[in-house]
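Quick note: the coordinates plus some simple rules give every number you see, no bench work behind them. Please read all numbers here as calculations on a predicted model, not as lab measurements. Glycine gets a Cβ as well: all are built from the backbone with ideal geometry, and neighbour counts include every protein chain shown.
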Amino acid sequence: MELLILGSGGSMITPRPGCQCRICVEARAKGVPYSRSSSSMFLPDIHLLIDTPAEIASQLNREGIDDIDYILYTHWHPDHTLGLRIVETMNMFWLGKLVRGDEPKKKVRICALSRVLGDLKNAYGKFFDHYERVGLIEMAELEGGEPFPIGYYNITPFEVEHPNYASTVFLIESAGKRAIYGPCNEKPFPSDPRLKNPDLLILGSVYPNGPLKEGITIPLDNRLRKEGQFSMDEAIERVKSLRALRAVFTHLEEEWGRSYDDYKAIEEENRKHNIHFAYDSMKIHV
């Protein structure tokens, strides 16, 4: 099983345009892996994409990816969905359609849990209606806790009981290997026993110990701690409680105030826990 991290950044890309903090200045000068685009992942074996941030076209061009059969969505937030036009960009030749009557190259299956699909349609209903009408997409509702077979993979979605909207953690299984992908808003983490003992846990929204950008610390009673973000200590405890063999933390915010080198140092400090930090173009073999 191979997983390709297309985007390892958070809700804002690194470097953030106009920002002159040390993280953005360095990322602007050095590029990947210091720069980070928003969160997305690709499974090359089955041409499956999870989430479409605004930068998805650049991510696909960077990696030489020219074919997508499935798009799965974790939740509706703009940093995970604003690139949904990629289905049109890749598969529709409008001049050919309007002059010769050409059909789209293919129809992409858009898959998500029922509540996530509802959120997506509330946010982008006209886009999806248009793309269905011209034959670019087919919408498929996933059932929580039920495996969705694609080739020799099984993808099982688990709904996060978030108080304000639906989000998803995916269990990815193939050839006896098991990986969990929960890039964002996966707190409280689903308690299903099938999520125990993964070969790989990819967990998002983990903020490092110590002051963040501009010296800010997150108060204990702040909603960031309660509703969406894991502290490093919480994330490591999650790795332990799930008995994950390896963990990769993604969705790394520019506002955490940490560079690629800073994250490598944190990895070294926590070597005994076998944790790593994602970066754009990271290939993970399980």
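For K106, give me every one of the aspartates and glutamates with a C-alpha distance below 13 angstrom, ignoring sequence neighbours fewer than eight places off in its own chain.
D66, D67, D69, E88, E132, E138
Would you kindly derive the ³J(HN,Hα) couplings of region 99-111 from the backbone phi angles with the Karplus curve 6.51 cos²θ - 1.76 cosθ + 1.60 (θ = phi - 60°), listing them in order in whole Hz, with x for Gly and Pro?
Computed from phi, the couplings for region 99-111 are 9, 10, x, 4, 9, x, 4, 7, 10, 8, 8, 9, 10 Hz.
So how strong a dipole does the chain carry about its Cα centre when Lys and Arg Cβ are +1 and Asp and Glu Cβ are -1, to the nearest 20 debye?
240
Select from region 184-259 those trypsin sites (Lys or Arg not before Pro) which occupy a DSSP coil region and have at most 15 other Cβ atoms within 10 Å, ordered by residue number.
K196, R243
Counting C-alpha atoms alone, how compact is region 1-159: give Rg to one decimal and Dmax as a whole number, in angstrom.
Values for region 1-159 (Cα only, Rg and Dmax): 16.8, 53 Å.
List the chymotrypsin sites (Phe, Trp or Tyr not before Pro) within region 23-120 that DSSP assigns to loop and that have no more than 15 neighbouring Cβ atoms inside 10 Å.
F93
Going down the list K213/K264; K187/K264; K187/K240; K240/K264; K30/K264; K30/K213, which pairs span over 22 Å between their C-alpha atoms?
As for pairs spanning more than 22 Å Cα to Cα, those are K187/K264.
Expressed as a rounded percentage, what relative contact order does region 2-285 have, with Cα pairs under 8 Å and six or more residues apart?
Relative contact order for region 2-285 comes out at 20 percent.
I'd like to know how the chain sits against the 2.2 N^0.38 Å rule of thumb: what's its Cα Rg over that expected value?
0.99
Using only the Cα atoms of region 195-286, build the gyration tensor, take square roots of its eigenvalues as a ≥ b ≥ c, and label the shape rounded, prolate or oblate: rounded if a/c is under 1.5, else prolate if a/b is larger than b/c, else oblate. Let's see the in-between values first.
Details: a/c = 1.90, a/b = 1.33, b/c = 1.43.
Taking the square roots of the gyration eigenvalues as a ≥ b ≥ c, region 195-286 is oblate.
Can you give the relative contact order of region 100-183 as a percent, counting alpha carbon pairs under 8 Å and 6+ residues apart?
Worked out over region 100-183, it gives 23 percent.
Under 21 Å from the Cα of K107, which lysines turn up, not counting those fewer than eight places away in the same chain?
Correct list for K107: K97, K121, K126.
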